[in-house]
Amino acid sequence: VTGLSTRHLGECFQHSNGTISHYFRAVLNTVSSSPFYNKYIHLPSEMSPIPVEIQSNPKFFPYFQGALGAIDGSHIACCPSALECELSRNHK
């Protein structure tokens, strides 16, 4: 079901786009809420080794090789020096 649009999911599960969107937001809010997130989400540390399942799988590793660990769309606080400020502007 991953990678499909709301319209495709609505058609697949025979529900309106509004219903699909409503429950998607409900699940997303639950998973990102403090009680659930703090209990079940454990991010790896900087020193954590790359899992063998990713490193040995050509489907994943070429895309994650050299990744720093940020999730697409995440905001990373950055306080560059005055000299580096222009280089960091509007970069994701």
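Criterion first (surrounded by 10 or more Cβ atoms within 10 Å (Cβ to Cβ), hydroxyl-bearing (Ser, Thr, Tyr) and either under 15 Å from the mean Cα position of the chain (by Cα) or assigned to a loop (DSSP other than H, G, I, E, B) (or both)) does TYR37 satisfy it? Spelling it out, TYR37 is indeed surrounded by 10 or more Cβ atoms within 10 Å (Cβ to Cβ), hydroxyl-bearing (Ser, Thr, Tyr) and either under 15 Å from the mean Cα position of the chain (by Cα) or assigned to a loop (DSSP other than H, G, I, E, B) (or both). All conditions but one from (1) open to solvent by 100 Å² or more (accessible area, probe 1.4 Å); (2) hydrophobic (A, V, I, L, M, F, W, C); (3) modelled with pLDDT of 75 or more apply to LEU28; the one that does not is (1). Taking first residues from segment 1-30 that are closer than 27 Å to ILE41 by Cβ and partners that are surrounded by fewer than 11 Cβ atoms within 10 Å (Cβ to Cβ) and of a type in the set (Val, Ile, Thr), the Cβ contacts under 7 Å between residues at least 6 apart in sequence or on separate chains come to LEU9/VAL1.
Scanning segment 55-83 for residues that are modelled with pLDDT of 80 or more and surrounded by 10 or more Cβ atoms within 10 Å (Cβ to Cβ) yields GLN55, SER56, ASN57.
The values are calculated or read from the model by the stated rules, or taken from the named source; none is laboratory data. Since the structure is predicted, the reported quantities are computational estimates derived from the model, not experimental observations. Glycine gets a Cβ as well: all are built from the backbone with ideal geometry, and neighbour counts include every protein chain shown. Side chains included, ligands, DNA and RNA excluded: accessible areas come from the protein's heavy atoms. Shrake-Rupley method; radii C 1.70, N 1.55, O 1.52, S 1.80 Å.
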